[in-house]
1. Just to confirm the filter: which trypsin sites (Lys or Arg not before Pro) across region 200-265 are DSSP coil and have at most 16 other Cβ within 10 angstrom of their Cβ?
2. Cα-based Rg of the chain per 2.2 N^0.38 Å, rounded to two decimals?
3. With a 1.4 Å probe and every protein chain left in place, work out the accessible area per residue of the chain in Å², rounded to a whole number.
4. Projected onto the charge dipole of the chain (+1 at Lys/Arg Cβ, -1 at Asp/Glu Cβ, origin at the Cα centre), which of ASN218, GLY230, PHE207 gives the Cα projection farthest towards the positive end?
5. Which aspartates and glutamates does LYS236 reach when only Cα atoms under 12 Å apart count, and residues fewer than 8 places away in its own chain are ignored?
6. Please tell me which of these pairs span more than 31 angstrom C-alpha to C-alpha: LYS39/LYS204; LYS127/LYS200; LYS91/LYS200; LYS143/LYS181; LYS24/LYS143; LYS91/LYS189?
7. Could you check how much of the accessible area of region 158-280 is carbon and sulfur, as a whole percent, using a 1.4 Å probe?
8. Using +1 on the beta carbon of Lys and Arg, -1 on that of Asp and Glu, and nothing else charged, what's the dipole of the chain about the Cα centre, debye to 20?
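The values are calculated or read from the model by the stated rules, or taken from the named source; none is laboratory data. If you're wondering where the values come from, they're calculated on a predicted model, not measured in any experiment. Cβ atoms come from the backbone with ideal geometry, glycine included; neighbour counts cover every protein chain shown. Note: accessible area is taken over every heavy atom of the protein model, side chains too, but ligands, DNA and RNA are not part of it. Shrake-Rupley method; radii C 1.70, N 1.55, O 1.52, S 1.80 Å.
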Amino acid sequence: GIFNPFGLGSEWPANWIGRQLSVKSELRTFYINPTVAYKVTDLLSVGAGFNYIISNVQFYRIVDIPPIPIAPGVSLPVAKNVGINLEGNGKAAYTFNLGILFKPFDYLSFGIAYRHSAKIDFEGDLKFSNLPATHSTLFPEGKGKASITMPYDLRAGISTNPMDKLTVNADLQYVGWSSYKELAVDFEKNTAVWTDQVQKRDWKNSFTFRIGGEYDYNPFAFRLGYVYDGSPIPTKYMDPSLPGANRHEFTVGLGYKLMKNLTLDVAYQFISFTQEVNDSGFNFNGEYKNSSNLVGFNLSYGF
């Protein structure tokens, strides 16, 4: 499989009130994951996989640089709307995943899956825009590097058929986000006013619970689901680059068998959260609201 388990990001208008904290943030991780499974007995199957990770990151904000003293009684003037852009690619990273499936009865199965954490080392470029020439020696462009540890992921699930044509699934997921203690960027060039940056994050491990069902009414399949997604972000260390909260998600889906081997599936998901921040360590209190509508289509052919 090829998938994106940790995709984080936000984008705000360039002239918004919090632009000095964030305008655009983006972290993308692509896991290439060949996996092998083996059926030990009719009741037990095991699996293992290797993960090759490709990633990139971007942080962009717009700041006003206050007057900078350069000699007794002499200061550089205020520099307004200076763009600071950090962008880089992660070095190749690797990890593994394991799984067990136990099926004691035809109508009941249990599964446990684990994906190990992975440290990703990023290297990239620091660039300034709209920076006055008078400030260029104090704010040098150049290379930078940082490291982020993607969390481990442990989940357990159950699937059952409580009645004919009805399947119900539920799973509990535990993600080790406590690996994200800080965002530390090491710049190749430092000056008296521009140095390496460290921002405390101190994220917490989080839980996610999912439950869903499918009723097979040939040629249709009706589906319904609910997700509770716990946030790992303490409000004290939340900033606009990635606002988060405990989320409630609702899903509906419909499958239709067009032919014997050809099936069309459609799905809709609604995600919503509200988070009030009163103790921001970035001196940026406020209320974040978000709602998202996701629509998916799938066409499958079975042999």
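1. Loop-located and lightly packed - LYS204, LYS260.
2. Relative to the 2.2 N^0.38 Å estimate, the chain comes out at 1.25.
3. 58 Å²
4. ASN218
5. ASP202, GLU276, ASP279
6. As for pairs spanning more than 31 Å Cα to Cα, those are LYS39/LYS204.
7. Ligands and nucleic acids excluded, carbon and sulfur give 58 percent.
8. Magnitude of the dipole: close to 200 debye.
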